[in-house]
1. Does the stretch A:309-321 contain at least one residue that is touching a Leu at 6+ places or on another chain (Cβ under 6 Å), surrounded by 17 or more Cβ atoms within 10 Å (Cβ to Cβ) and either within 14 Å of chain B (Cβ to nearest Cβ) or among the polar types (S, T, N, Q) (or both)?
2. Are any residues in the stretch A:318-338 part of a loop (DSSP other than H, G, I, E, B) and of a type in the set (Gly, Ala, Ser), and if so, which ones?
3. Just to verify a result, which residue in the stretch B:19-55, among those that are among the hydroxyl-bearing types (Ser, Thr, Tyr) and over 21 Å from B:Tyr352 (Cβ atoms), is nearest to the chain's Cα centre (by Cα)?
4. Just to verify a result, which residue in the stretch A:201-218, among those that are aliphatic (A, V, I, L, M) and assigned to a loop (DSSP other than H, G, I, E, B), is surrounded by the fewest Cβ atoms within 10 Å (Cβ to Cβ)?
5. Give me the pairs: first residue in the stretch A:320-343 and polar (S, T, N, Q), second residue outside any strand (DSSP E or B) and surrounded by fewer than 24 Cβ atoms within 10 Å (Cβ to Cβ), beta-carbon distance under 7 Å, and six or more apart or on different chains, which are they?
6. Can you tell me how many residues in the stretch A:50-83 are modelled with pLDDT under 95, of a type in the set (Ser, Thr, Tyr) and more than 21 Å from A:Leu14 (Cα to Cα)?
7. I'd like to know if the stretch A:119-127 contains one or more residues that are touching a strand residue (DSSP E or B) at 6+ places or on another chain (Cβ under 6 Å), surrounded by fewer than 24 Cβ atoms within 10 Å (Cβ to Cβ), without any contact (Cβ under 8 Å) to a residue 12 or more places away in the chain and assigned by TED's automatic domain parsing to the domain that holds A:Asn206.
8. If B:Ser165 satisfies every condition in (1) out of contact with any Asp or Glu (no Cβ under 8 Å at 6 or more places or on another chain); (2) buried (at least 20 other Cβ atoms within 10 Å of the Cβ); (3) within 16 Å of B:Ile81 (Cα to Cα) but one, which is the exception?
Protein chains: 2
Amino acid sequence: MKELSQATPSKIVLLVIDGLGGLPHPESGQTELETAHTPNLDELAGKSICGMSSPVAAGITPGSAPGHLALFGYNPVDCLIGRGVLEALGIDFDLRPGDVATRGNFCTVDAQGLICDRRAGRVSSTVSAKLCALLDRQEFEGIQVIVKPVKDHRLVVVFRGSGLSEKVTDSDPQKLGAAPKEVKPLAEDAGLMARVANQFLQFAANALKDHAPANMILLRGFSEKPCFTTMNEIYKLKTAAIASYPMYRGLSKVVGMDVLPTGPTLNDEIATYKANFEKYDFFFIHVKATDAAGEDGDFERKVKALEELDKVLPEILALKPDVVAVSGDHSTPAVIEGHSWHEVPVLIYSKYCRPDKVCRFSETDCLQGGLGHIPATDIMPLAMANALKLGKFGA
Amino acid sequence: MKELSQATPSKIVLLVIDGLGGLPHPESGQTELETAHTPNLDELAGKSICGMSSPVAAGITPGSAPGHLALFGYNPVDCLIGRGVLEALGIDFDLRPGDVATRGNFCTVDAQGLICDRRAGRVSSTVSAKLCALLDRQEFEGIQVIVKPVKDHRLVVVFRGSGLSEKVTDSDPQKLGAAPKEVKPLAEDAGLMARVANQFLQFAANALKDHAPANMILLRGFSEKPCFTTMNEIYKLKTAAIASYPMYRGLSKVVGMDVLPTGPTLNDEIATYKANFEKYDFFFIHVKATDAAGEDGDFERKVKALEELDKVLPEILALKPDVVAVSGDHSTPAVIEGHSWHEVPVLIYSKYCRPDKVCRFSETDCLQGGLGHIPATDIMPLAMANALKLGKFGA
């Protein structure tokens, strides 16, 4: 791909409708997409080549990271991002090379030091923020420890300094009635990391001892920010990410996109897209509301979120990007109340897309599309080809 | 495949309609194939299993070599053929083992020796042939240098002798304002090759100095003929190639086919097929006119080329080959005026093919076919199976 890609003025929009795919409502027999009134998506489907996208592999339910990495053209099984890094990305924390990030939980330990609540009664974000301030900015053996609240009982701990390693065990035993575990090195060069983590945990135990229920923390997913070849290098694109949610901004940074400042609403995202249209030739636009509604099991709200997106779609198309790819990172059917393994509808529009007979953007209709069933990792190469940004392979 | 294949009397025809796939005409919304009146192809499709073939991978536009190698069952990414070898095959030059071939351009250099026209004003084939004769049959350090004209400014330079290597850099800097580059070895055993190439280039500079605009040559794509396992070995077939164009004859030779002498027209090819039907059990028949029309952006001429092919199809079927596979090496939509990444319709006819409901051989109809979307490399195994030439795998 890197050898074939070439910079050209044509522009690509990758519109990711988070958790797009759904399942039929038990009463109507129609999925969220089939229930929603989406005349603009349907009209675009009519001019596009459609199909079904498989995020990772048959039967596999992806998290947000693999789901998005696949859409960005990265093999989601090879390109793993650790739990700690993901949590840090989720609060817009700017990880530096060499940093090791971990996901933390405030928890409750009893008089014997055994865990009796892994989430400290889901302590409020306000309390959590105060307790994080107690723990923040410690230093052990020259390693700085940065502690940031996430939401409720969740926090991020970042270890910064030289000689660290992600190859250590978790302190979180992930069960009740056990004591927090000692962090142990899993590689020869991970001794410093384990020692510092244990010293910090000892410090935290003391600092928090009078703050029950949040009288201890558990750490898991020690990880370093991976060093992927950027999309700019692979595709020779000037890439921009437009996403209200920190996690998706973080993922975009990992693959080298410019993350554009934007507001919390879909309209804010569209305004950001319009304001920056001339400056970039690739736009990742992320729509979160669909997934959030699906996770809440709220079929109607997911339908509304799809209809709201449909209303702003003409504004995206009005600037005449050469290629528009619309899909989701995974399915989030309201009836499942979470991510699922189901394939996701996808359409690719361009002047050269070879349209099929699909004229409704839905799970059932896209099954008949010209793309057939494709891995999500095919979407970027197809978008690149449709933008006439790929040279010929072989003579 | 090699372990399962077995020689039987059944006969396979692989009919390759070069650049077969197309895109809708902006006015009619119909592709070239959909526009063409092809009753015979359609009737055959009705008795066949149909589908869409992907030459290399999603979004990848193949050159003729990878497109054909995939149809012959070779992984086109692993089985690369160098630029120089392809150019030599294209003029029916009989490369021997150990020969290193390069693609050459006549170019113009200024008084400082800097390139001011990479194609020497696209010097005519007549002039080019005369200048090639000036350069032909030199010898340096025991290596013979053979120089043959191709077309316009293009030539082939073949180095022949022992101890050569393809692992050297190009002399062509592929930009204006630069001097031709010295050829450098990329491996320890490539020193002789680099020295001889540089001596030849020095000789060429002197020989051509008064022949502006063609006062220098540029060489690129030093390559040796690859040594693939032949189709005869893999499939235990007696294979024959019937192709008017030298490049396809050359590719057929690389995979071990007998290249049958034939004339320039489709009727010549059919006559050759008939005359040799008893002698072989596999026929690759190549149709060039479709691709040529597509490359020229001539929608109507591509439609006519398809209709002409359709008219002779009954003659191919009349000899009752057991299996007929029809596809293309890639798409060449007239609206793109070149090869493209789009999938290519494919049909496989045999007594045992399990026909689907497709009764029109077109991009839209074949989408609904029983084969679904297949890599082009699946066509040969399917043809072999339909010819009952493959044993059972496992007990």
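The values are calculated or read from the model by the stated rules, or taken from the named source; none is laboratory data. Predicted, not measured: the structure shown is a model, and the values here were computed from it. Every residue, glycine as well, gets a Cβ built from its backbone with ideal geometry; the counts of neighbours run over all protein chains shown.
1. The answer is no; no qualifying residue exists.
2. A:Gly328, A:Ala334, A:Gly338, listed by residue number.
3. B:Ser54
4. Going through the stretch A:201-218, the residues aliphatic (A, V, I, L, M) turn out to be A:201, A:204-205, A:207-208, A:212, A:214, A:216-218.
Retained after the next criterion (residues that are assigned to a loop (DSSP other than H, G, I, E, B)): A:212, A:214.
Details: A:Ala212: 15, A:Ala214: 23.
Checked the stretch A:201-218; the qualifying residue surrounded by the fewest Cβ atoms within 10 Å (Cβ to Cβ) is A:Ala212.
5. From residues that are polar (S, T, N, Q), the pairs are A:Ser331/A:His342; A:Thr332/A:Glu295; A:Thr332/A:Gly338; A:Thr332/A:His339; A:Ser340/A:Thr61; A:Ser340/A:Pro333.
6. Of the residues in that region, 0 qualify.
7. The answer is no, given that none of the residues of the stretch A:119-127 is touching a strand residue (DSSP E or B) at 6+ places or on another chain (Cβ under 6 Å), surrounded by fewer than 24 Cβ atoms within 10 Å (Cβ to Cβ), without any contact (Cβ under 8 Å) to a residue 12 or more places away in the chain and assigned by TED's automatic domain parsing to the domain that holds A:Asn206.
8. Failing condition for B:Ser165: (1).
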